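Report on one structure; see the data block that follows.
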Amino acid sequence: MLTEFIQDPIVTRACASLIAVILLVGGWQKLRDFELFSAAVENYRLVSVSLVRPVALMVPAAELTAGVTLLFPATCALGSLLAVAILFFVTTAVAINLLRGMRDIDCGCGGSSSQTISWALVVRNLVLALLTLPAAQQGIGRALVWGDYFTLVAGVLALVGLYLCTNQLLNNST
């Protein structure tokens with residue numbers, strides 16, 4: 001029963017679309033305010049100063065690539081793997097700094113509101129990584145019918161709204 005649900009094309013496409021929106025918007029925002037994102041990368045103190053700018057370019061490039069590949073059934077599995085790798089990479093950076101006791105670092109997630117790192121951010125990213133698993137299954141289940149597209153759009157909008165509310169709660173709690 002659960003397997004059938006996870007393989008349903010509405011679920012797989014909704015998960016893929018949610019992750020794609022998050023990665024595309026995040027990547028675009030990081031490139032739009034590249035200096036701010038570069039400063040966030042530097043504040044993590046995980047790479048040498050000479051590697052800050054290349055890493056700061058690599059992250060949004062990978063996010064944009066993963067976001068685009070998640071949108072198409074033929075490349076969705078690859079996009080899911082790339083999305084998990086990105087989430088693992090950034091979540092590991094957050095966890096390392098939390099373990100170091102450095103909590104006053106801007107997460108560098110993108111956007112105009114600054115959000116400091118926290119264990120709640122780690123949990124949020126792990127949930128997003130879990131949502132990429134159904135996305136990797138895209139195209140396995142039944143074919144979509146015309147009415148499914150309305151459900152899909154509504155589901156994606158609801159998931160994006162839930163994500164935005166979660167981020168606002170994380171911002172408010174710090």
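Numbers for the structure displayed
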| quantity | calculated |
| --- | --- |
| Normalised contact order of region 1-62, rounded percent, pairs of Cα under 8 Å and 6 or more residues apart | 30 |
| Span-like helix ranges in the chain, DSSP H, alpha carbon extent 20 angstrom or more, Kyte mean at least 0.5 | 9-32, 49-70, 76-99, 119-136, 146-173 |
| Share of carbon and sulfur in the accessible heavy-atom surface of region 58-108 [1.4 Å probe, %] | 78 |
| Most mobile of Ser118, Ser17, Ser50 in a GNM of the chain (Cα contacts under 10 Å) | Ser50 |
| Accessible area of the chain divided out per residue, in Å², using a probe of 1.4 angstrom | 55 |
| Within region 147-174: backbone nitrogen closer than 11 Å to the Thr116 label point (7 Å, Cα to C-beta) | 173-174 |
| Backbone N within region 36-68 under 17 Å of label point (7 Å from Met102 Cα along the Cβ vector) | 36-56 |
| Percentage relative contact order, the chain, counting C-alpha pairs under 8 Å, at least six apart | 35 |
| The chain, Cα convex hull volume normalised per residue, Å³ | 110 |
| Net dipole in debye of the chain [+1 Lys, Arg Cβ; -1 Asp, Glu Cβ; about Cα centre; nearest 20] | 180 |
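The values are calculated or read from the model by the stated rules, or taken from the named source; none is laboratory data. Because the structure is predicted, anything quoted here is derived from the model rather than measured. Cβ sites come from the backbone with ideal geometry, for glycine too, and all protein chains shown count toward neighbours. Accessible surface is based on the protein model in full, side chains and every heavy atom, while ligands, DNA and RNA are left aside. Shrake-Rupley method; radii C 1.70, N 1.55, O 1.52, S 1.80 Å.
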